[in-house]
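The values are calculated or read from the model by the stated rules, or taken from the named source; none is laboratory data. From a predicted model like this one, the values you see are computed outputs, not experimental measurements. Positions of Cβ are backbone-derived with ideal geometry, glycine not excepted, and every protein chain shown enters the neighbour counts.
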Amino acid sequence: MKTFAKFLLVFASLAVALSACSKNDNSIDRNSIEIDDYNDVTLLQNYLVRLDSLGNFLYRVNGKTLESDTTILYMCAEDINEVLSLLKTWLPNVEVDTKSVPYELPLTGRYGSYEGCAYINPNSTAKLEGYTAVAEMTFDSGLIKYVSKVLFFTEAAWSKHFDGLLTDSNYAVGQAYKMYSNFDGYANFVCVQNSRAKGCVFFRTSNEILHFYSNFDLCSSISDAQNILPLINGESWNSTVNACSVAGISLDADEYYWLSNWKHTFWADKVYAVRLKDGDMDLFTPALRSKRALEVRYK
């Protein structure tokens, strides 16, 4: 019996050691992230409109609404090549079929099954008072929620016709603004981008500590993190830390913050977290690690 008990103790210790994340042997290259809940449809959805765990609208990530039909989004691109380059960044595993018009982007689901197509029409007839769209993106019915179409126009069209609509002088980079946090009620978010063509981006780290029983769907996603990392780290890191400090937001250079994406491993389901100072991403077991969450908002 004692021998058996010792065996169980050794086995349990081994399991904990293997399921804990070590920076020495489990570092994640964020350019080649493997995610169990990864699929092309989810990734594209998260780059356009973020949903909650029930599939309800949370907020828009990219694109602006400029008319009564809020499912039509407007974005900036100078030509079709810029549109295709953007989509390659969003959907690195998707090959665009340009043999015929509209171009087709076949999208797969979680287990590699075909889910439907996105379509890019470089010959769009959509106009903004004399300016013709560079391209128009549509989707198979019901594929992307709360988005029916994305229209791409050159910066000239945006600046001439929609300058007053696309930026808000009330927002300034480095300033804090009250918004609804999924974890802390109304709380400060720091503005890190105010662009006519790309809109405003805000972020914060939660006060609440998330652990094994937390709802990780409420965290921002890997795509959200990748959107803000170029805006806050590198040469911008010190000013970001200062702005967060003034806003009452704790930002630790060595800390990892939970994201909503997870990966199944042999020992346990693990959740991705990001270190904001350098963008490093890693996997952690929630039962063994308590962390705060990253929250990103867009306007």
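I'm checking my understanding of the structure. Among residues of the stretch 150-178 that are under 14 Å from GLY63 (Cα atoms) and surrounded by fewer than 16 Cβ atoms within 10 Å (Cβ to Cβ), which one is modelled with the highest pLDDT? By that ranking, first place goes to GLU155.
Scanning the stretch 248-265 for residues that are farther than 20 Å from THR42 by Cα and touching a residue at least 60 places away in the same chain (Cβ under 8 Å) gives GLY248, ILE249, THR265. May I ask you to verify whether GLY63 is exposed (fewer than 14 other Cβ atoms within 10 Å of the Cβ), of a type outside the set (Val, Ile, Thr), in contact (Cβ under 8 Å) with a residue 60 or more places away in the chain and closer than 29 Å to PHE202 by Cβ? When the stated conditions are applied, GLY63 does not pass them.
Between THR70, THR42, the distinction of being part of a helix (DSSP H, G or I) and modelled with pLDDT of 80 or more belongs to THR42 only.
For the stretch 181-218, what are the residues that are farther than 16 Å from GLY248 by Cβ, modelled with pLDDT of 75 or more and not aliphatic (A, V, I, L, M)?
Result: ASN182, GLN193, ASN194, CYS200, HIS211, PHE212, ASN215, PHE216, ASP217.
Modelled with pLDDT under 90 and either touching a helix residue (DSSP H, G or I) at 6+ places or on another chain (Cβ under 6 Å) or not in a loop (DSSP other than H, G, I, E, B) (or both): does that describe TYR119? Here the answer is no, as TYR119 does not meet what is asked. Only a single criterion out of (1) exposed (fewer than 15 other Cβ atoms within 10 Å of the Cβ); (2) farther than 26 Å from ALA176 by Cβ; (3) of a type outside the set (A, V, I, L, M, F, W, C) is not satisfied by LYS263, namely (1). With a requirement of 1 or more residues that are at pLDDT below 90, the strands (runs of 3 or more DSSP E) lying completely within the stretch 220-299 that satisfy it span 256-264, 269-275, 291-298. All of SER195, SER223 fail the test of being surrounded by 19 or more Cβ atoms within 10 Å (Cβ to Cβ) and either at negative phi or among the basic types (Lys, Arg) (or both), apart from SER223. Among the residues of the stretch 87-96, at least one is under 28 Å from TYR272 (Cα atoms), at pLDDT 85 or above and surrounded by fewer than 14 Cβ atoms within 10 Å (Cβ to Cβ).
Note on the stretch 73-87: residues that are of a type in the set (A, V, I, L, M) and assigned to a helix (DSSP H, G or I) total 5.
Just one of (1) in a strand (DSSP E or B); (2) within 21 Å of ASN261 (Cβ to Cβ) fails for PRO106. It is (2). Scanning the stretch 85-112 for residues that are in contact with a helix residue (DSSP H, G or I) (Cβ under 8 Å, 6 or more places away or on another chain) and among the hydrophobic types (A, V, I, L, M, F, W, C) yields a total of 6.
Based on what the data block shows, is GLU208 of a type outside the set (A, V, I, L, M), over 20 Å from the mean Cα position of the chain (by Cα), farther than 28 Å from THR89 by Cβ and not in a loop (DSSP other than H, G, I, E, B)? Yes; evaluated as a whole, the condition is true for this residue.
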